[in-house]
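Right, one structure below, let's go through it.
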Amino acid sequence: MTTLIDGKATAAAIKQEIADEVQQRVAQGLRRPHLAAVLVGHDGGSETYVRNKVLACEACGFESSLLRFEDDITEQQLLDCVHSLNNDPSVDGFIVQLPLPRHIDEQKIIEAIDYRKDVDGFHPINVGRMAIGLPCFISATPKGIIELLRRYHIATSGKKCVVLGRSNIVGKPMAQLMMQKQYGDATVTVCHSHSATLADECRAADILIAAIGRPGFVTADMVKPGAVVIDVGTTRVPDASRPKGYRLSGDVDFDAVAPLCSAITPVPGGVGPMTIAMLMTNTLEAARRRDALQN
Ligand code: NAP
């Protein structure tokens, strides 16, 4: 029997846990956590992500602010916005939704964010602290996957884990966390577009995490029977039968792979909702840390 890892239900449970804690905070006279989101331009995907983040804030009882800019905003204007959020005592954490227009240096913007408010966990200080196992904000998607594995009691220690993809926001932090003793404690291999033995590596994996953005890339012949498969891929594939004209497709050929697995995440409804739930967890943590500093 294959376990379908339900990220939507798990994320809803986590948001309820957060909402309960926020209610207790408010009863104790503490502030509601406040998340701000900066959105540049009108990219359809980014609009949806930011809207969902604002809705999640409401579900958790957070305050939220949305700062919108047209895509002709200059890099300096965006840096000024980041500085003003850094210095705004009412804001616990904020995100700058990526991607940014090409004339803006994303890395420069990320590095301008105060790492104590960097609830996306993209700032080099957070990335570095994560790599050596110190308290930090961990990037929401890999953190959400670790949480799913934990809540579904999936054993990872000593297992062989293969991560497909080496991006800064998913692949690399995912591999780091799966390797670390206090999280995955697994033996980790990372594959990318230049990996010569990718299919062989996948076939040897007890836990396969696909984060490449290639719909249906992982086929049944690449998966060991009984493996756990986590599908991070979220690609819009044109589909005239859908009201929006597209559907979301994962990196895994779900119908063929699912019967082989011990557990698998669907797309949508797997990793995606967990990413937003972890952003809320990080924001709550930011508020807790600021309270601790003030007391
Ligand atoms: P990215 O920055 O484009 O990185 C993709 C990675 O996959 C790169 O390391 C690339 O290798 C590798 N890759 C691409 N094609 C490959 C191939 N044919 N064989 C092997 N490796 C290949 O993407 P990302 O931001 O990590 O996102 C990956 C996917 O996850 C996307 O579908 C994205 O939409 C999705 N995503 C989902 C969530 C969520 O919450 N569910 C969050 C973030 C991302 P090279 O380094 O060699 O180029």
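What tally of residues in region 166-190 results from selecting those that are among the charged types (D, E, K, R) and near the ligand (Cβ under 9 Å from one of its atoms)? If you could, list the steps in order and put the result at the bottom.
Just the residues of region 166-190 that are among the charged types (D, E, K, R), to begin with: 166, 172, 181, 185.
Of the ones still in play, those that are also near the ligand (Cβ under 9 Å from one of its atoms) are 166, 172.
So the count comes out to 2.
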**OP:** Starting from residues that are outside any helix (DSSP H, G or I) and more than 17 Å from the chain's Cα centre (by Cα), keep the ones in region 10-35 and report whichever is surrounded by the fewest Cβ atoms within 10 Å (Cβ to Cβ).
**Re:** G29
Original post:
How many residues does region 59-116 hold that are part of a loop (DSSP other than H, G, I, E, B), surrounded by 17 or more Cβ atoms within 10 Å (Cβ to Cβ) and small (G, A, S)?
Top reply: 1
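State yes or no: is F122 away from the ligand (no atom under 14 Å from the Cβ) and of a type in the set (F, W, Y)? So that I can check it myself, show each step before the final result.
Details: away from the ligand (no atom under 14 Å from the Cβ): no; of a type in the set (F, W, Y): yes.
Here the answer is no, as F122 does not meet what is asked.
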Subject >> Given (1) free of Cβ contacts under 8 Å to residues at least 40 places away in the same chain; (2) of a type outside the set (A, V, I, L, M, F, W, C); (3) within 22 Å of A277 (Cα to Cα), number of the condition E106 does not satisfy >> reply: (3)
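Taking region 196-216, which residues are surrounded by 20 or more Cβ atoms within 10 Å (Cβ to Cβ) and either in contact with a Phe, Trp or Tyr (Cβ under 8 Å, 6 or more places away or on another chain) or assigned to a loop (DSSP other than H, G, I, E, B) (or both)?
Let us first name the residues in region 196-216 that are surrounded by 20 or more Cβ atoms within 10 Å (Cβ to Cβ), namely 202, 205, 207-212.
A205, A210, A211, I212, listed by residue number.
From the list I109, I95, which residue is under 19 Å from K53 (Cα atoms) and modelled with pLDDT of 95 or more?
Values: I109 fails: under 19 Å from K53 (Cα atoms).
Of the residues listed, the single one that is under 19 Å from K53 (Cα atoms) and modelled with pLDDT of 95 or more is I95.
Here is a list: I207, I212. Which entry is in contact (Cβ under 8 Å) with a residue 40 or more places away in the chain and near the ligand (Cβ under 8 Å from one of its atoms)? Don't jump to the end; show me each part of the working.
Values: I207 fails: near the ligand (Cβ under 8 Å from one of its atoms).
It is I212.
Would you confirm, using the coordinates I've provided, whether G250 is within 14 Å of the ligand (Cβ to nearest atom), closer than 30 Å to I132 by Cβ and open to solvent by less than 60 Å² (accessible area, probe 1.4 Å)? Show your work before the answer.
Values: within 14 Å of the ligand (Cβ to nearest atom): yes; closer than 30 Å to I132 by Cβ: no; open to solvent by less than 60 Å² (accessible area, probe 1.4 Å): yes.
Spelling it out, it is not the case that G250 is within 14 Å of the ligand (Cβ to nearest atom), closer than 30 Å to I132 by Cβ and open to solvent by less than 60 Å² (accessible area, probe 1.4 Å).
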**OP:** Could you run through region 117-147 and say how many residues are surrounded by 19 or more Cβ atoms within 10 Å (Cβ to Cβ) and free of Cβ contacts under 8 Å to residues at least 40 places away in the same chain?
**Re:** 7
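Would you please name the residue that is farthest from T265 (Cα to Cα), looking only at residues in region 91-103 that are more than 13 Å from the ligand (Cβ to nearest atom) and touching a residue at least 40 places away in the same chain (Cβ under 8 Å)? Quick ask: steps written out before the conclusion?
Just the residues of region 91-103 that are more than 13 Å from the ligand (Cβ to nearest atom), to begin with: 91-94, 96, 100-103.
In the following step, the residues that additionally are touching a residue at least 40 places away in the same chain (Cβ under 8 Å) were identified as 91-94, 96, 100-101.
Working: V91: 34, D92: 31, G93: 29, F94: 28, V96: 27, L100: 29, P101: 32 Å.
So the residue we want is V91.
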**OP:** Select from region 45-58 the residues that are free of Cβ contacts under 8 Å to residues at least 60 places away in the same chain and either more than 14 Å from the ligand (Cβ to nearest atom) or small (G, A, S) (or both) and list them in ascending order.
**Re:** S46, E47, R51, V54, L55, E58
Original post:
How do the pairs read when you match residues in region 70-90 that are in contact (Cβ under 8 Å) with a residue 40 or more places away in the chain with residues anywhere that are assigned to a loop (DSSP other than H, G, I, E, B) and surrounded by 15 or more Cβ atoms within 10 Å (Cβ to Cβ), using Cβ under 7 Å and keeping only pairs 6 or more apart or on different chains?
Top reply: L78/I104; V82/I113; L85/V91
Subject >> Residues (farther than 23 Å from L55 by Cβ and within 16 Å of the ligand (Cβ to nearest atom)) located in region 258-295 >> reply: I264
**OP:** Assess whether S193 counts as being away from the ligand (no atom under 13 Å from the Cβ), out of contact with any His (no Cβ under 8 Å at 6 or more places or on another chain) and either free of Cβ contacts under 8 Å to residues at least 24 places away in the same chain or open to solvent by 20 Å² or more (accessible area, probe 1.4 Å) (or both).
**Re:** no
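Whether any residue in region 142-157 is in a strand (DSSP E or B) and either more than 9 Å from the ligand (Cβ to nearest atom) or touching a Leu at 6+ places or on another chain (Cβ under 6 Å) (or both) is what I want to check. Walk me through it before giving the result.
Our first condition is that a residue be in a strand (DSSP E or B); within region 142-157, this holds for none.
No, region 142-157 contains no residue that is in a strand (DSSP E or B) and either more than 9 Å from the ligand (Cβ to nearest atom) or touching a Leu at 6+ places or on another chain (Cβ under 6 Å) (or both).
The values are calculated or read from the model by the stated rules, or taken from the named source; none is laboratory data. These figures come from a predicted structure and were not determined experimentally. Counting neighbours? That spans all protein chains shown, and the Cβs are built from the backbone with ideal geometry, glycine included. Note: areas computed on protein heavy atoms with side chains; ligands, DNA, RNA excluded. Shrake-Rupley method; radii C 1.70, N 1.55, O 1.52, S 1.80 Å.
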